[in-house]
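Below is one structure, written out as structure tokens; the observations come after it.
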Amino acid sequence: MKGAQAYVNEQWQASGLASLPKGPECQTITLHFFIKRDAQNPALINQICEVAQQHLCETYQGRQVTHEPITGDVVGDGTGEGINLVFHVGSVE
């Protein structure tokens, strides 16, 4: 079974991590990850969220990075195999 770090690394471009906004204002960032339905479980999704949040904290050093609660495993993208993770980045102080 693939781990959270592997999902983030493999989907760096497609998830949105490669093209993050750079402005000093508050940001709301939605990352999309493709996870096959049979591999999805709450623990894996939470771990992917943690890894993605670490990358955002590195990108936005000195700014608060929080995420919205994960309310469901899949998004209604028609495939049932995608998840959206929503993060909020504080402004530069």
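The values are calculated or read from the model by the stated rules, or taken from the named source; none is laboratory data. These numbers come from a predicted model, not from an experiment. Please note: Cβ atoms are built from the backbone with ideal geometry, for glycine as well, and neighbour counts cover all protein chains shown. We work out accessible area using only protein heavy atoms, side chains counted, and drop any ligands, DNA or RNA first. Shrake-Rupley method; radii C 1.70, N 1.55, O 1.52, S 1.80 Å.
For the stretch 1-17, a residue qualifies if it is open to solvent by less than 20 Å² (accessible area, probe 1.4 Å) and either in contact with an Asp or Glu (Cβ under 7 Å, 6 or more places away or on another chain) or of a type in the set (A, V, I, L, M, F, W, C) (or both), and the qualifying residues are Ala4, Val8, Leu17.
I need the full set of residues from the stretch 18-31 which are out of contact with any strand residue (DSSP E or B) (no Cβ under 6 Å at 6 or more places or on another chain) and crowded, with 18+ Cβ neighbours inside 10 Å, in order please. Break it down into steps so the answer makes sense when it comes.
Narrowing the stretch 18-31 to residues out of contact with any strand residue (DSSP E or B) (no Cβ under 6 Å at 6 or more places or on another chain): 18-20, 22-26.
Hits for the stretch 18-31: nothing passes.
Taking the stretch 1-42 as the range and being modelled with pLDDT of 90 or more and of a type in the set (Gly, Ala, Ser) as the test, the residues that pass are Gly3, Ala4, Ala6, Ala14, Ser15, Gly16, Ala18, Ser19, Gly23. All conditions but one from (1) surrounded by fewer than 18 Cβ atoms within 10 Å (Cβ to Cβ); (2) at pLDDT 90 or above; (3) of a type outside the set (A, V, I, L, M) apply to Thr79; the one that does not is (2). Selection of first residues in the stretch 13-29 that are free of Cβ contacts under 8 Å to residues at least 40 places away in the same chain and over 13 Å from Val65 (Cα atoms) and of second residues that are among the aliphatic types (A, V, I, L, M) and surrounded by 10 or more Cβ atoms within 10 Å (Cβ to Cβ), restricted to Cβ pairs under 6 Å at least 6 apart or on distinct chains, gives the following pairs, ordered by first then second residue: Ser15/Leu31; Gly16/Leu31. Take the stretch 32-62 and flag every residue that is in contact with a strand residue (DSSP E or B) (Cβ under 7 Å, 6 or more places away or on another chain) and either surrounded by fewer than 17 Cβ atoms within 10 Å (Cβ to Cβ) or within 14 Å of Val86 (Cβ to Cβ) (or both). His32, Phe33, Phe34, Ile45, Ile48, Cys49, Ala52, Gln53, Leu56, Cys57 - these are the residues of the stretch 32-62 that are in contact with a strand residue (DSSP E or B) (Cβ under 7 Å, 6 or more places away or on another chain) and either surrounded by fewer than 17 Cβ atoms within 10 Å (Cβ to Cβ) or within 14 Å of Val86 (Cβ to Cβ) (or both).
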